[in-house]
Amino acid sequence: LLSETLARRLWPGGGAVGRRVRTVEGDMPGSSFGPWRTVVGVVGNIRQGYEDSDLRDVYLPFLQAPGRFASVHIRTARSPLFWDQSVRTAVAQLDPYVFVSPVATIVSEDRQRAGTRFLTSMLSGFAGFAALLAMLGIYGVTSYAAQQREREVAVRLAVGASRRAIIRLFLKDGARVLGVGVALGLAGAFWAAKILESQVYGVQSFDVATRVGACVLMISIGLFAVWWPARRAAMQDPLLALKEQ
């Protein structure tokens, strides 16, 4: 049996059933190729773990290619411990020298591999919190800059500058800083993705959709954080601002 991914790679046009393949026998270094085998079916892709991204799997009958380890899965409405002794007895009748590991549920096995999911959730939370901090930081800096330039804004308004022109001035200055920040962020994201690529399935160094989405989000947040205090500064009365100065 071949996985869908391997079947498409070997025979892109289809028709994998009836073809012949050879696989490496054994799991030790230096293992040789086994005999030619006929493909009798194609099955869906199965991830062997959270970090599995290969999906090019071959399934061989245990009697034709026995290994050192084997697993028995039982679906039951009762407690798995109810069948523990029965399974051990059945295995002992086949071969009394086979060691049977303690029974474990799929849920317990899944929890042992939950570290990657926890890492993904934690990084997602940090990313959202970082976006919020970025928005608050940009807003705070822009608000302070607008406050420092209140006299300048008042003079521009007094000599005839439109409020839209004032807002465009702030947006232009803010966009220049945002462009530098996004460029540095892309460089840092590429470096971080290279590290996470081997730890979390689905993370790619050149994930264009994610990069574009993140850039659009941060630029939108940044422009809004620039626009709001700029609008507030442009809507002020220039005479009152000049008197306060």
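Assorted remarks:
- Probe 1.4 Å - accessible area at S71, Å² to nearest ten: 100
- Per-pair calculated FRET efficiency, R0 = 30 Å: F62 and S121 via Cβ, rounded to 0.05: 0.20
- Part-to-part distance (alpha-carbon centres) for region 137-171 and region 208-237, which is given in Å: 15
- The modelled label-to-label distance between A165 and W227, using points 7 Å beyond Cα along the C-beta direction, is 2.1 nm.
- Qualifying GluC sites (Glu not before Pro) in region 135-216, DSSP loop, other Cβ atoms within 10 Å at most 16: E197
- Two-site FRET efficiency, R75 against V141, from Cβ-Cβ distance with R₀ of 51 Å, rounded to 0.05: 0.30
The values are calculated or read from the model by the stated rules, or taken from the named source; none is laboratory data. Computed from a predicted structure; not experimentally measured. A quick note on method: Cβ atoms are made from the backbone with ideal geometry, for glycine too, and the neighbour counts reach across all protein chains shown. For the accessible areas, the whole protein counts, side chains as well, though only heavy atoms, and no ligand, DNA or RNA atoms are used. Shrake-Rupley method; radii C 1.70, N 1.55, O 1.52, S 1.80 Å.
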